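A short worksheet on the structure shown next.
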Amino acid sequence: MTLISYLLRCTIAGLSLVPWYLLGMLVGLVDQKNGLRIFLSWNRFFLKLFRIELSVHNENHSTESLNGCVFTLLNQTSLLDSAIGATSIPLPWRGIVNIEFTLIPFFGWAMWIFCWVIIRQWPKQAKRAMQQVKSFLQSGGNLWISIEGRRSIDGSLSPYKKGPIILAIQAQAKIVPVLIHGASNCLPHGKWRISPGRVTIRFLEVISTDNMQYEDRDKLVNTLRTLAKKELGQQSKKSAI
């Protein structure tokens, strides 16, 4: 992709974002589900515009049957991860975000409208927010969250946080381990220029939390990390062939 072509694509993406998101947010005020569909359709347009081919591999019976699940990203490697996950997870779904992000024009405003769970870092408020997530999961909604605290610089796994697992256990929600392959090739850590490429998002086999207790959190975190290492190791071997 030449520099002129890239700059043209950036211009098209920027000019289309504002009216597209505004339409989604206006519809979302009266119809959240369809408003979110409009909102997310820009993400799909964005990926196609920059010639990123996205494929979804689901190791469960069907994506549509997945509800009341915590979709847990096991490897966070690129700023593209959020856009890729957002376009792939079955509706309805929500994310969790710190209040600072809700101040970002359009992106942050949409988080308010589409009822993302907003954390203010106050113990009482955070507890209420987690109760909202629990109720949402138990009503059949899905949650999209990364188990790592930051993006990886070199592709290695960062330390896993226990919060998503504790939440899933408390809600007795299913966990869908998620891996994204190829995103870091299209937009590596620390870079701003997007390159064309193929990206695969994989929904691994569902893990049940039925009858699990708070005391099982460490074991489950270790299970997910072992699974991620195994899957990423297999992917590396395939890429090397």
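The values are calculated or read from the model by the stated rules, or taken from the named source; none is laboratory data. Computed from a predicted model, the values in this text were never measured in an experiment. Quick reminder, even Gly has a Cβ in these numbers, built from the backbone with ideal geometry, and neighbours come from all protein chains shown. Quick note on the areas: whole protein, heavy atoms, side chains included, nothing else; ligands and nucleic acids left out. Shrake-Rupley method; radii C 1.70, N 1.55, O 1.52, S 1.80 Å.
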### Task
Springs between alpha-carbon atoms under 10 Å, Gaussian network over the chain: tell me which of S65, S41, S55 tops the mean-square fluctuations.
S65
## Note on the structure
The extension gain from R225 to N60, computed as 0.36 nm times the residue separation minus the Cα-Cα distance, is 57.4 nm
### Task
Report the relative contact order of the chain, percent, no decimals, based on alpha-carbon pairs under 8 angstrom and at least 6 residues apart.
25 percent
### Task
Would you mind computing, in nm to one decimal, how far apart the modelled labels at L22 and S208 are, each placed 7 Å from Cα along Cα→Cβ?
5.0 nm
### Query
For the pair A86 and A129, what calculated FRET efficiency results from E = 1/(1 + (r/R0)^6), where r is the Cβ-Cβ distance and R0 = 22 Å, to the nearest 0.05?
0.65
### Message
So for the stretch 176-220, averaging the separation of alpha carbon pairs under 8 Å that are six or more residues apart and normalising by length, what relative contact order in percent results?
### Response
44 percent
### Message
Given the whole protein assembly as supplied and a 1.4 Å probe, what does the accessible area of D210 come to in Å², nearest 10?
### Response
100 Å²
### Task
Summarise the accessible area of the chain (1.4 Å probe, protein heavy atoms) by the percent that is carbon and sulfur.
58 percent
